[in-house]
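First up is the structure itself, then whatever we jot down about it.
Nothing in this text is a laboratory measurement; each read-out follows from the coordinates by a stated rule. Predicted model, so just to flag it, every value in this text is computed and none were measured. Here the Cβ is made from the backbone with ideal geometry for all residues, glycine too, and neighbour counts use every protein chain on show.
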Amino acid sequence: MKLVSSTPLLNEAREEGYGIVAFNIHTLEMLQAVVDAAEECRSPLILQSTVGTVKHLGADYIVSAAQSAAKNANIPIALHLDHCQDYDLIVKCMYAGYTSVMIDASMFPFEQNVEKTKKVVELAKILNVNVEAELGKVGGVEDDIVVSEEDALLADPKECEEFVEVTGVPTLAPAIGTAHGIYKGEPNIDFKRIDEISRRVKVPLVLHGGSGIPAEQVKHCISLGMAKVNVATELKNAFSQSLIQFFEENPTEFDPRKYMVPAKETVKKLAIEKIELAGSIGKAK
Ligand SMILES: [Zn+2]
């Protein structure tokens, strides 16, 4: 199969009440591990890279690897660009082969966010690419985007409705109390707000800051219409922890084909757990 737009995958997920996990990948091994996991689970999959990873690996390499995965897999796979503030880079990634992009103009006033999102939606429609936009401000650290606790802002349900109506954006990430990175305590998720947004907005909603949210709370979010669940930090940390452990036990092993094996296994195992949690096992068509 070819890489697919995530729009129909997420529409179906929202309709049927399950979630699709979007995994942030940083290396070829991480990409392969989450693809293996999704295949084993017969689940649709969203591969995701941040702007930092695009700068690190290059959009063409990421697209090529994702396309190879899609060609060999018999599950639908989408490739998404996470939190991008740069219109030119979004356009570049769409033309390189990304099938989904996030325009993050959440730091701008509402009208400007609308304007910037609309511009991306127009081109994306022509290219059959999914678009995600953010309202409110998700706290925490995602690459070089840092939002302090005081600056984090929850999305307003009325604004969400208006935003989706005027921009035509097919997926929306409303800030509802989650944060990027690992939580110090429990996240303070505003479920009532998600419910209100969900009543007004019929497009799939996106849960950012999915690392370390207690399982029951993730399920609750999904039941309220959050169809895309982003997992970045947890996956990255598990991958690195596995490497650290390997080198502690085998300080003289210098073969990447050896030390990457347990790291890959760790990522795969974690990915399967997340897919199970999201409820998308067997949902691949
Ligand atoms: Zn995010």
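What the table shows:
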item	result
Fluctuation leader among GLY181, GLY140, GLY58 - the chain, Gaussian network, Cα springs under 10 angstrom	GLY58
Relative contact order of segment 35-101, pairs being alpha-carbon contacts under 8 Å that are 6 or more residues apart, as %	38
Calculated SAXS-style log₁₀ I(q)/I(0) at q = 0.20, 0.25 Å⁻¹ - segment 1-95, Debye, Cα scatterers	-0.97, -1.39
Cβ-Cβ FRET estimate between SER64 and LYS202, R0 fixed at 30 Å, reported to 0.05	0.30
Relative contact order (percent, whole number), the chain, Cα cutoff 8 Å, 6+ residue spacing	24
Radius of gyration and maximum dimension Dmax of segment 136-233, Cα, Å	12.7, 37
Highest-MSF residue in the chain out of ARG42, ARG14, ARG257 [GNM, Cα springs under 10 Å]	ARG257
Debye-sum result for segment 117-158 in log10 I(q)/I(0), which assumes one identical scatterer on each alpha carbon, at q = 0.17, 0.29, 0.34 Å⁻¹	-0.65, -0.91, -1.06
Whole-angstrom gap from segment 103-182 to segment 199-222, using each part's C-alpha centre	15
Stretch in the chain that is longest and holds no GluC sites (Glu not before Pro) that DSSP places in a loop and that have at most 16 other beta carbons within 10 Å	1-148
Residues VAL206, VAL63 arranged by fewest to most Cβ contacts within 10 Å	VAL63, VAL206
Reachable lysines, given that their alpha-carbon falls under 20 Å from the alpha-carbon of LYS92 and they are not under 8 places away in the same chain	LYS2, LYS55, LYS116, LYS118, LYS119, LYS125
Interchain or long-range residues, amide H under 5 Å from ALA173's placed H	ALA133, GLU134, LEU135, VAL206
Cα-only Debye scattering, segment 6-278: base-10 log of I(q)/I(0) at q = 0.07, 0.10, 0.15 Å⁻¹	-0.23, -0.47, -1.08
Kyte-Doolittle mean at least 0.0 and Cα axial length at least 27 Å: DSSP H helices in the chain	none
Likely footprinting exposure, LEU28, LEU135, fewest C-beta neighbours within 10 Å first	LEU28, LEU135
Extension gain (nm, one decimal) between GLU15 and LYS125, 0.36 nm per residue minus Cα-Cα	37.5 nm
Stokes-Einstein D (µm²/s) once Rh is taken as the Kirkwood radius of segment 23-146 over alpha-carbon pairs, at 10 °C in 1.306 mPa s	106
Exposure proxy order (Cβ contacts within 10 Å, fewest to most) of SER240, SER49, SER6	SER240, SER49, SER6
Most mobile of THR178, THR252, THR117 in a GNM of the chain (Cα contacts under 10 Å)	THR252
D_trans [Stokes-Einstein, Kirkwood Rh over alpha-carbon pairs] for segment 228-285, 10 °C, 1.306 mPa s, µm² s⁻¹	125
Those trypsin sites (Lys or Arg not before Pro) in segment 139-208 that DSSP places in a loop and that have at most 10 other beta carbons within 10 Å	LYS184
